[in-house]
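A quick write-up on the structure given underneath.
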Amino acid sequence: MVSLDRARNSGPLHFLRNSVSRMVAGPMAAKETTLRLRVYNYYSKNIDSGKLYTVHHFKDEGIPKSTIYDILKRYNDDLSAE
């Protein structure tokens, strides 16, 4: 007899469950990376105008202020956008 844990992690349902979780996680990660890239590029082109200039630009698009500042902190910490 196959144990319940082993049965859950094999067969067509396991494949389907993994596929669904990848589909859910994939687009969100791509969306976050795209936003980071956009903020990085915009800020680097307008760095002389300051952070507030960039924050206002993206806030006008409906992006939460805390998200923008988190991305700018990543930029200043030399972390990759991807």
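The values are calculated or read from the model by the stated rules, or taken from the named source; none is laboratory data. Note that this is a predicted model, so its numbers are computed, not measured. Ideal geometry is used to build each Cβ from the backbone, glycine not excepted, and the neighbour counts take in all protein chains shown.
Let's see how each residue does on (1) under 17 Å from Asp78 (Cα atoms); (2) at pLDDT 70 or above; (3) touching a helix residue (DSSP H, G or I) at 6+ places or on another chain (Cβ under 7 Å):
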{"residue": "Leu4", "(1), (2), (3)": "no, no, no"}
{"residue": "Leu13", "(1), (2), (3)": "no, no, no"}
{"residue": "Val20", "(1), (2), (3)": "no, no, no"}
{"residue": "Val24", "(1), (2), (3)": "no, no, no"}
{"residue": "Pro27", "(1), (2), (3)": "no, yes, no"}
{"residue": "Asn41", "(1), (2), (3)": "yes, yes, no"}
{"residue": "Ser44", "(1), (2), (3)": "yes, yes, no"}
{"residue": "Ser49", "(1), (2), (3)": "no, yes, no"}
{"residue": "Leu52", "(1), (2), (3)": "no, yes, no"}
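Of all the residues that make up segment 23-57, how many are out of contact with any Ser or Thr (no Cβ under 8 Å at 6 or more places or on another chain), of a type in the set (A, V, I, L, M, F, W, C) and surrounded by 12 or more Cβ atoms within 10 Å (Cβ to Cβ)?
The total comes to 3.
Residues being of a type in the set (D, E, K, R) and part of a helix (DSSP H, G or I): count how many of those fall in segment 50-65. Working first, answer last.
The first filter runs over segment 50-65 and keeps only residues of a type in the set (D, E, K, R), leaving 51, 59-61, 65.
Those left that are additionally part of a helix (DSSP H, G or I): 51, 59, 65.
Selection size over segment 50-65: 3.
Which condition from (1) touching a residue at least 24 places away in the same chain (Cβ under 8 Å); (2) in a helix (DSSP H, G or I); (3) within 13 Å of the chain's Cα centre (by Cα) is the one that Thr34 breaks?
With respect to (1) touching a residue at least 24 places away in the same chain (Cβ under 8 Å); (2) in a helix (DSSP H, G or I); (3) within 13 Å of the chain's Cα centre (by Cα), Thr34 is out only on (1).
Is it fair to say Ala81 is at pLDDT below 95 and touching a Phe, Trp or Tyr at 6+ places or on another chain (Cβ under 9 Å)?
So Ala81 fits the description; yes.
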